[in-house]
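The values are calculated or read from the model by the stated rules, or taken from the named source; none is laboratory data. Small disclaimer: the values here were computed from a predicted structure and weren't measured. Cβ placement follows ideal geometry from the backbone for every residue including glycine, while neighbour counts extend to all protein chains displayed.
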């Protein structure tokens, strides 16, 4: 059923409720309080429920527990327990808008039948009011229905804005700031006053074009899923292996879209007109300008035991012919074993040794003066630094965006890795295939003095140089296993770090 037909049906139901609420028979009206008095009674029952701590209460044939108690207390206290979803004409239009929003929450990857949205019990309460003459005059029933609707708004609003789960329960290496908290009670009050319940909820969803594109994709796949289901119902013959396979593939893609929409809800809204995106499952780096991809290249990301973290940071400068100061983890797991096997490894790789406190690198330490067998990376009093040049692990260019994980983008001498389909080979940092092209684009976009010059001349010079950007560039290192590209084509990728799998398991999907 399309949106107009559904709303039409709901409005017809609303009119029925309104006329039932007022009562059409004169003799029947003698036993019904005037609407204004009944509304006061409903308010009193709402206060009564709040005073009782919103204990489980009976509505229809089910027991319903509130999911957003604190918000409910504040909301009704601020409006002196006045009903939010009914007036002298009965159930108001805003209640119908909320039911519509719940019913269509599947389009945002949520589950409209999730018990916390109270849909089953809301409809049960409305059915009681519709069919039971005593119930439609009972303020307790109206009070319970009002609380259920308010609770549903709060829960749906929370899920649209914050997501179903706290992100830290799924991904440990997530270093993107949380969203600013919102006041859902105030938002609901404004929505009721301005009569825009549905819009107030839709505005809580991520505003990024990528999320909106996923929502359209979700609707498309839901339609396909529905068509497959109808064919199964109308068919008298068992489904073929091909049909079963198609159904499974559609369900799997819907699940992937839902999981990515959930991760989008964890993201703060950012409106950078230009930024750099590293998509871990796609092993790619892209430059995005005005929501369009203007540059794209292959990337190598962290291996299974050394995940590239998810973060947002500001790129501030580029290092030409960088040195490489060996991190502790690599020292422990990679360098020490090689040195213990052959101490000449350091000279071969042009790695020098300095005291930790020798920041100016004035005195080089002989590798033969260190007891490598007893060396401990965590208490090692020396610093290993690889000279710049063709052997340097960072290649000829390094792109710095200061962050707590000490992650950066860089060139690499191991160009052959870009021929691999799965490129999880680094210790967390991002290696890119075309660093010169990337640097040149950044500098030109920055109106930097080096923007119109060939940076390869500076590289070939061999000297270590820092080029600062006049305006920081946002770098987003994210994890998307599905997205819609500039041509409107849906792209699905493997779940290389298992984040989809872990999230689906927690959510029971």
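Kindly provide the set of residues from region 179-223 that are buried (at least 20 other Cβ atoms within 10 Å of the Cβ) and at pLDDT below 95, ordered by number. Passing the criteria: none in range. Answer yes or no: is there a residue in region 312-330 that is on the phi > 0 side of the Ramachandran plot and more than 32 Å from the chain's Cα centre (by Cα). Within region 312-330, one or more residues are on the phi > 0 side of the Ramachandran plot and more than 32 Å from the chain's Cα centre (by Cα). Restricting region 436-447 to residues that are without any contact (Cβ under 8 Å) to a residue 24 or more places away in the chain and farther than 19 Å from residue 410 by Cβ leaves a set whose member that is surrounded by the fewest Cβ atoms within 10 Å (Cβ to Cβ) is 447. Scan region 161-179 for residues that are free of Cβ contacts under 8 Å to residues at least 60 places away in the same chain and either part of a loop (DSSP other than H, G, I, E, B) or assigned by TED's automatic domain parsing to the domain that holds residue 258 (or both) and the total you get is 2.
Looking at this structure, is residue 158 surrounded by 13 or more Cβ atoms within 10 Å (Cβ to Cβ), in the same structural domain as residue 75 (by TED's automatic domain parsing) and at pLDDT 95 or above? Here the answer is yes, as residue 158 does meet what is asked.
The condition of being exposed (fewer than 15 other Cβ atoms within 10 Å of the Cβ) and at pLDDT 95 or above does not hold for residue 262. Based on this model, can you work out whether residue 438 counts as at pLDDT 95 or above and in contact with a helix residue (DSSP H, G or I) (Cβ under 6 Å, 6 or more places away or on another chain)? No: the conditions fail for residue 438.
The set of residues from region 407-423 being out of contact with any strand residue (DSSP E or B) (no Cβ under 6 Å at 6 or more places or on another chain) and either touching a residue at least 12 places away in the same chain (Cβ under 8 Å) or in a strand (DSSP E or B) (or both) comprises 407, 413, 414, 415, 422.
What are the residues in region 255-296 that are more than 22 Å from residue 487 (Cβ to Cβ) and in contact with a helix residue (DSSP H, G or I) (Cβ under 6 Å, 6 or more places away or on another chain), if any? Passing the criteria: 259, 266.
Name the residues in region 258-288 that are in contact (Cβ under 8 Å) with a residue 60 or more places away in the chain and part of a strand (DSSP E or B), would you? Hits for region 258-288 are 274, 275, 276, 277, 278, 279, 285, 287.
Scanning region 316-337 for residues being surrounded by fewer than 20 Cβ atoms within 10 Å (Cβ to Cβ) and farther than 15 Å from residue 386 by Cα gives a total of 6.
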